[in-house]
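The values are calculated or read from the model by the stated rules, or taken from the named source; none is laboratory data. Just so it is clear, the model here is predicted, and its values are computed rather than measured. Backbone-built Cβ (ideal geometry, glycine too); neighbour counts: all protein chains shown.
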Amino acid sequence: MAGGLSLYQEGASLLHRAHPLTKGVLMLSAIALAFIAPSLYWILGIALILLILVIVAGVLRRLIAVALALLLPITVLLLAVQGFANPANHTVLFAIGPVVYYTEGLYIAAIASLRITCLVVATFLFSFTTRPADITEALMQRGLSPAMGYVVQSALQIIPQTLDMAVRIQDAQRSRGLETGGSLPKRARAYIPLMLPLVLSSLVATQERAMALEVRGFGLPVKRTNRYEFADNAIQRITRWALALAVPAAIVARFVGWR
Amino acid sequence: MIEPAVVFEDVGYAYQEAPREAVSDINLRIGAGEWVGITGPTNAGKSTLCLLAMGLAPHFFGGTLRGKVTVLGTESRAIKVIERSTDVGLLFQNPFTQISGARERVDEEVAFGPECHGVAQAEVEERVEETMRLVGISALAARHPLDLSGGQLQRLALAGLLAMRPKVLLLDEPTSQLDPAGTAAIFEVLGGLHESGTTIVMVEHRLETLCELCPRIVAMVGGRVVADGTPQDVFGREVVQERVGLPVYTRLARSAALPAPWPVRLAESAKAFGAPIA
Amino acid sequence: MGILNAFKVRMNTLAIVLIPVCIAIDWAGHAVASTLKLPLFLDSIGTVLGGLLAGPWVGGLAGLITNFISSGTVDPIAAPYSVISLAIGIAAGIAGYYGWHKTWPGRVALYILIVLVASIGSTPLNMGLYGGQSGLPFGDSLYAGMVKGGWPTWLASYIDEASGDIPDKLITVVVAIVIFFGLPNRYRALFSVWRRTGDEKAPAPAPSV
């Protein structure tokens, strides 16, 4: 079955129906604001808003499933390292044996990991509610070159195909006696025998594909016709502008003393 | 005088860094609306002929082109392949690498060519629906192209080309992936196109098929044209019999020592054997 | 200036079609490394190979888009580093133009260049976004030790990042070069977007006779 990459999940929520551009701007602004905002409470606020949107979109369960695995390791590392070693540390909070943890470092770690959480949640919110085809279509409507649109769409199909081919090559090589288990050097030696055939077969079709594209007129300098229109309205347009302007406004605010 | 659609004048072509030419001394005039079959053993230069007519040789492959290839009045050196694609279509042998790889639905895949040509959306949809119906893949409209069988893919590729409404259609073994039923369906489509005036140049190995369908056959051996005429003429020539082969009926008639000229089509040979098909 | 010549290529259809293939090779390189349980990312092999084969546009775009796609599907945390992948692809493309990968001193230079681009590029991002950490346990413990020992944060952060990049980019560059020379000659000539003379000729325009 083709097309395994997309995270898109069917739905009819407000977010699903919104213009891809609106969601894209929302994602980018949320991430930017999370990293610009100076204190824990502001970032927590942004995270909460994102959480509400996630619930509205109906993707909470999936989000928890994928986000936790990503966020846990980095959060642990941040807390462990910053709480212990941050140069701003001087207030002892607790100690585990000889290792002392300070409030300042833990606070900084909490901010960093909350920001990363906003990054992850905002990105997944976008991915769960937007079809990849819609993303490329919206971008091309706004000026992305058709060649680049093609590159992204083709990549989304070729990646799962290539990963499948990697498995087949691995089976084939193993049946010819290639060792893929055991010590690290042994496993490392298997890398090139697996990669080289993979790259070769990936490149073989490239010439034919390029010819087939030219035969269909790919690259003609014509004005692009929109394949379909996205529902848009004044509210969304205003939202996009407001979100976009919020970012430089926040930067200025930081300079004039936003704590 | 029929306006020629495809003209080869003293054409020779060698691929980049190839020791010899792939085709030499080709002189061909194909009139508008003709249906010409190209046949020959492997490496006879048949595919190269198609690539030359399309312009992929020399534009895509580099190499050295001697002589002049003129299609629909424009010399191939003077026009880019993508510009040529407005009027000329080329169907490659391999269906799997012919699809764009950037569309998730069969109907969107068919629409790819017209979209590249800037055709208005409403008309794109019309053409897509029409060509899918023509080649018989309407039922597959919502499927993912990669889920299709080889035969379905080849029909999809043909639909994608026909959606651009080419005046000249170059086909490199269009039915290699198809079963007999699928093959018959495609040839019906081609027959319809031929009737409406499309020039068709078709490379085909199956000699019986060629003789049934094409009023004119060009036989190639070793990069040169060795025979050019009606199926009867072409398969009456010794060089063709030895180097290319014979349709099975013709071979039967020959070994049964029937008098020349030997039949090349099913109906004729049935009559020649005294068992006319009703 | 000489370097700009590396960028002066018309992106023909072949180059455009090569980019998604390089993106897929990036992904496959990482997947195979995971399957073999190798402790390295190895997610830029396609980027570097694309740069060596077809220049900075192909390499850069491959790196950038690989990162975009993985940020949107499996690892959003890597998103800000898209610009680093872009830079690596461009660096590989420029090195490819000058043929660094063809000589031993050049290969070492290519490796050093890529490590420097990756580590120097990522460090400010690490410092701004992730408290100076790279997110890798080994590197981060180095960071912790150095900061605790009084070293400047930026240096500790750089060493943290470099400790991961040095082995990862070494294998990446080695594999990319081995694959490059493991390809049949005509592939290298086919994808070369620069008009050069020498053992790798780009398709020349047909002479009118």
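Tabulated values for the structure
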read-out	value
Residue satisfying condition, being under 21 Å from C:Lys102 (Cβ atoms), in a helix (DSSP H, G or I) and at pLDDT 95 or above, within set C:Gly29, C:Gly51	C:Gly51
Matching entry among B:Thr183, B:Thr175 (being assigned to a helix (DSSP H, G or I), more than 30 Å from A:Ala147 (Cα to Cα), in contact (Cβ under 8 Å) with a residue 12 or more places away in the chain and in contact with a Ser or Thr (Cβ under 6 Å, 6 or more places away or on another chain))	B:Thr183
Answer residue from segment B:1-48, given it is closer than 18 Å to B:Val240 by Cα and under 13 Å from the mean Cα position of the chain (by Cα) and is nearest to the other protein chains (Cβ to nearest Cβ) among those	B:Lys46
In segment A:83-95, residue nearest to the other protein chains (Cβ to nearest Cβ) [restricted to those that are assigned to a loop (DSSP other than H, G, I, E, B) and crowded, with 19+ Cβ neighbours inside 10 Å]	A:Asn86
Scope segment A:31-56; condition part of a helix (DSSP H, G or I), among the aliphatic types (A, V, I, L, M) and within 17 Å of A:Ala249 (Cβ to Cβ); matching residues	A:Ile31, A:Ala32, A:Leu33, A:Ala34, A:Ile36, A:Ile43, A:Ile46, A:Ile49
Residue list for segment C:136-158, filter: among the hydroxyl-bearing types (Ser, Thr, Tyr) and under 24 Å from the mean Cα position of the chain (by Cα)	C:Ser157, C:Tyr158
Test: residue in segment A:159-180 that is among the polar types (S, T, N, Q), under 18 Å from A:Arg131 (Cβ atoms), part of a helix (DSSP H, G or I) and away from chain B (no Cβ under 11 Å)	no
Pick from segment B:186-210, criterion touching a residue at least 60 places away in the same chain (Cβ under 8 Å) and out of contact with any Asp or Glu (no Cβ under 8 Å at 6 or more places or on another chain), ranking: farthest from B:Ala53 (Cα to Cα)	B:Leu207
Failed condition for A:Asp134, given (1) within 12 Å of chain C (Cβ to nearest Cβ); (2) touching a residue at least 60 places away in the same chain (Cβ under 8 Å); (3) not β-branched (Val, Ile, Thr)	(1)
Sole residue being at pLDDT below 95, part of a helix (DSSP H, G or I) and either within 14 Å of chain B (Cβ to nearest Cβ) or surrounded by fewer than 21 Cβ atoms within 10 Å (Cβ to Cβ) (or both), chosen from A:Ala231, A:Ala205, A:Ala155	A:Ala205
Residue, farthest from C:Lys169 (Cα to Cα), within segment C:113-130, restricted to residues that are more than 14 Å from chain A (Cβ to nearest Cβ) and hydrophobic (A, V, I, L, M, F, W, C)	C:Ile120
Boolean, C:Ala79 is assigned to a helix (DSSP H, G or I), of a type in the set (A, V, I, L, M, F, W, C) and in contact with a Ser or Thr (Cβ under 9 Å, 6 or more places away or on another chain)	yes
Residue in segment C:47-79 that is surrounded by the fewest Cβ atoms within 10 Å (Cβ to Cβ), counting only those that are in contact (Cβ under 8 Å) with a residue 40 or more places away in the chain and not hydrophobic (A, V, I, L, M, F, W, C)	C:Ser70
Segment A:114-131, residues that are more than 9 Å from chain C (Cβ to nearest Cβ) and over 21 Å from A:Ala18 (Cβ atoms)	A:Leu114, A:Thr117
Extreme residue, farthest from the other protein chains (Cβ to nearest Cβ), among residues of segment B:141-165 that are surrounded by fewer than 21 Cβ atoms within 10 Å (Cβ to Cβ) and at pLDDT 90 or above	B:Ala141
Residue, farthest from the chain's Cα centre (by Cα), within segment C:58-112, restricted to residues that are away from chain A (no Cβ under 14 Å) and hydroxyl-bearing (Ser, Thr, Tyr)	C:Thr103
Which listed residue is farther than 29 Å from A:Met195 by Cβ and β-branched (Val, Ile, Thr), from C:Thr153, C:Thr172	C:Thr153
Test set (1) farther than 29 Å from B:Asp87 by Cα; (2) out of contact with any Asp or Glu (no Cβ under 8 Å at 6 or more places or on another chain); (3) facing chain C (nearest Cβ under 10 Å) - A:Ala190 fails condition number	(2)
Residue within segment B:109-132 that is surrounded by fewer than 17 Cβ atoms within 10 Å (Cβ to Cβ), within 14 Å of chain C (Cβ to nearest Cβ) and either modelled with pLDDT of 95 or more or closer than 27 Å to B:Ala5 by Cβ (or both) present	no
Condition broken by B:Ile277, with the remaining ones in (1) within 30 Å of B:Gly151 (Cα to Cα); (2) of a type in the set (Val, Ile, Thr); (3) more than 16 Å from the chain's Cα centre (by Cα) satisfied	(1)
Within segment C:160-170, considering residues that are among the aliphatic types (A, V, I, L, M) and surrounded by fewer than 18 Cβ atoms within 10 Å (Cβ to Cβ), the one farthest from the chain's Cα centre (by Cα)	C:Ile166
Of all residues in segment C:136-151 being buried (at least 19 other Cβ atoms within 10 Å of the Cβ) and within 7 Å of another protein chain (Cβ to nearest Cβ), the one that is farthest from A:Ala80 (Cα to Cα)	C:Val147
Residue within segment B:4-13 that is out of contact with any Phe, Trp or Tyr (no Cβ under 9 Å at 6 or more places or on another chain) and assigned to a loop (DSSP other than H, G, I, E, B) present	no
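Matching residues to (1) farther than 30 Å from A:Asn226 by Cβ; (2) buried (at least 22 other Cβ atoms within 10 Å of the Cβ); (3) at pLDDT below 90:
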site	(1), (2), (3)
A:Tyr41	yes, no, no
A:Ala47	yes, no, no
A:Leu71	yes, no, no
A:Val81	yes, yes, no
A:Gly97	yes, no, yes
A:Tyr102	yes, no, yes
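Conditions tested, residue by residue: (1) more than 28 Å from C:Ala92 (Cα to Cα); (2) touching a residue at least 24 places away in the same chain (Cβ under 8 Å).
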| site | (1), (2) |
| --- | --- |
| C:Leu116 | no, no |
| C:Leu129 | no, yes |
| C:Pro137 | yes, no |
| C:Gly145 | yes, no |
| C:Leu155 | no, no |
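So that you can scan it fast, the table gives a plain yes or no per residue for (1) closer than 16 Å to A:Gly149 by Cα; (2) aliphatic (A, V, I, L, M); (3) within 11 Å of chain A (Cβ to nearest Cβ); (4) in contact with an Asp or Glu (Cβ under 8 Å, 6 or more places away or on another chain):
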residue	(1), (2), (3), (4)
C:Ala6	no, yes, no, no
C:Met11	yes, yes, yes, no
C:Asp26	no, no, yes, yes
C:Leu36	no, yes, yes, no
C:Thr47	no, no, no, yes
C:Pro56	no, no, no, no
